[in-house]
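Undergrad: Mind looking over this structure? Questions follow.
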Amino acid sequence: MSYFMTHLHSGWHVDQAILVEEDRVVCIRFGHDHDSECMAMDETLYGVSEKVQNFAIMYLVDITEVPDFNKMYELYDPCTLMFFYRNKHIMIDLGTGNNNKINWAITDKQELVDIIETVYRGASKGRGLVVSPRDYSTRHKY
């Protein structure tokens, strides 16, 4: 599904995508297009893109092609989803301890819509940290 979504091919393009968008949340998936986890996330992003087009826009960035943000955003995971609103990074409390990003593939479309909507509502009220509608602290049951 990543073929149907907009790819950003340089650091300048990523910066412009974040800077230019005034009214919507910018969701950027950092990762590798060939990674199976990213493919699952891309399919979910593509599936919800039409539902959330009024308040969010999605972009894909291959971290091998655009390594500019790897250290700044600590992009060491195979698949990472980050949110920006009006040139500000919006953090999300998922219960995992890492509030900067989602670093696993979300395959449930409604779950992703709920997260993006929560980010939009919180960010539009001026919040820099929003609380996820679901607690992911027990995602892995050991």
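Undergrad: Please go through the range 19-38 and pick out each residue that is acidic (Asp, Glu) and either in a helix (DSSP H, G or I) or farther than 12 Å from Pro78 by Cα (or both).
TA: So the first thing to find is which residues in the range 19-38 are acidic (Asp, Glu), and the list is 21-23, 33, 35, 37.
The answer is Glu21, Glu22, Asp23, Glu37.
Undergrad: Do you know which of the residues in the range 37-56 that are more than 16 Å from Phe83 (Cβ to Cβ) and hydrophobic (A, V, I, L, M, F, W, C) is surrounded by the most Cβ atoms within 10 Å (Cβ to Cβ)?
TA: Taking the candidates together, the pick is Cys38.
Undergrad: Which residues, counting only those in the range 1-29, are touching a residue at least 60 places away in the same chain (Cβ under 8 Å) and among the hydrophobic types (A, V, I, L, M, F, W, C)?
TA: Answer for the range 1-29, where residues must be touching a residue at least 60 places away in the same chain (Cβ under 8 Å) and among the hydrophobic types (A, V, I, L, M, F, W, C): Ile18, Leu19, Val25, Cys27.
Undergrad: Confirm whether Val130 is touching a Leu at 6+ places or on another chain (Cβ under 6 Å), surrounded by 18 or more Cβ atoms within 10 Å (Cβ to Cβ), in contact (Cβ under 8 Å) with a residue 12 or more places away in the chain and part of a strand (DSSP E or B).
TA: Taking the combined requirement at face value, the residue does not satisfy it.
Undergrad: Also: Determine which single condition Lys71 fails, assuming it passes every other condition in (1) surrounded by fewer than 13 Cβ atoms within 10 Å (Cβ to Cβ); (2) among the charged types (D, E, K, R); (3) modelled with pLDDT of 90 or more.
TA: Among (1) surrounded by fewer than 13 Cβ atoms within 10 Å (Cβ to Cβ); (2) among the charged types (D, E, K, R); (3) modelled with pLDDT of 90 or more, Lys71 violates only (3).
Per-residue answers, yes or no, for (1) at pLDDT 90 or above; (2) surrounded by fewer than 21 Cβ atoms within 10 Å (Cβ to Cβ):
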position	(1), (2)
Ile28	yes, no
Asp35	no, yes
Leu81	yes, no
Lys88	yes, yes
Thr96	no, yes
Lys125	yes, yes
Arg134	no, yes
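Undergrad: Right, next: Residue under question is Asp77, and the condition is that it be touching a Leu at 6+ places or on another chain (Cβ under 8 Å), among the charged types (D, E, K, R), modelled with pLDDT under 90 and surrounded by 15 or more Cβ atoms within 10 Å (Cβ to Cβ); does it hold?
TA: Values: touching a Leu at 6+ places or on another chain (Cβ under 8 Å): no; among the charged types (D, E, K, R): yes; modelled with pLDDT under 90: yes; surrounded by 15 or more Cβ atoms within 10 Å (Cβ to Cβ): yes.
Answer is no for this residue.
Undergrad: Of the conditions (1) at pLDDT 90 or above; (2) more than 24 Å from Asp35 (Cα to Cα); (3) not charged (D, E, K, R), Val113 clears all except one; give me its number.
TA: Against the list (1) at pLDDT 90 or above; (2) more than 24 Å from Asp35 (Cα to Cα); (3) not charged (D, E, K, R), Val113 comes up short only on (2).
Undergrad: Looking only at the range 102-123, count how many residues are without any contact (Cβ under 8 Å) to a residue 60 or more places away in the chain, surrounded by 14 or more Cβ atoms within 10 Å (Cβ to Cβ) and under 17 Å from Val25 (Cα atoms).
TA: As a first pass, look at the range 102-123 and keep what is without any contact (Cβ under 8 Å) to a residue 60 or more places away in the chain: 102-103, 110-111, 114-115, 118, 121-122.
Next, only the ones that are surrounded by 14 or more Cβ atoms within 10 Å (Cβ to Cβ) stay: 102-103, 111, 114-115, 118, 122.
Add one more test, that the residue is under 17 Å from Val25 (Cα atoms), and what stays is 102, 111, 114-115, 118, 122.
So the count comes out to 6.
Undergrad: List pairs: first in the range 62-83 and in contact (Cβ under 8 Å) with a residue 12 or more places away in the chain, second part of a helix (DSSP H, G or I) and not polar (S, T, N, Q), Cβ under 6 Å, 6+ apart or cross-chain?
TA: Here the result reads Val66/Gly11; Asp68/Gly11; Pro78/Glu37; Cys79/Glu37; Cys79/Cys38; Cys79/Met41; Phe83/Val119, each pair linking the range 62-83 to a residue that is part of a helix (DSSP H, G or I) and not polar (S, T, N, Q).
The values are calculated or read from the model by the stated rules, or taken from the named source; none is laboratory data. Source: prediction; values computed, not measured. No Cβ is skipped: glycine too gets one built from the backbone with ideal geometry, and neighbour counts run over all protein chains shown.
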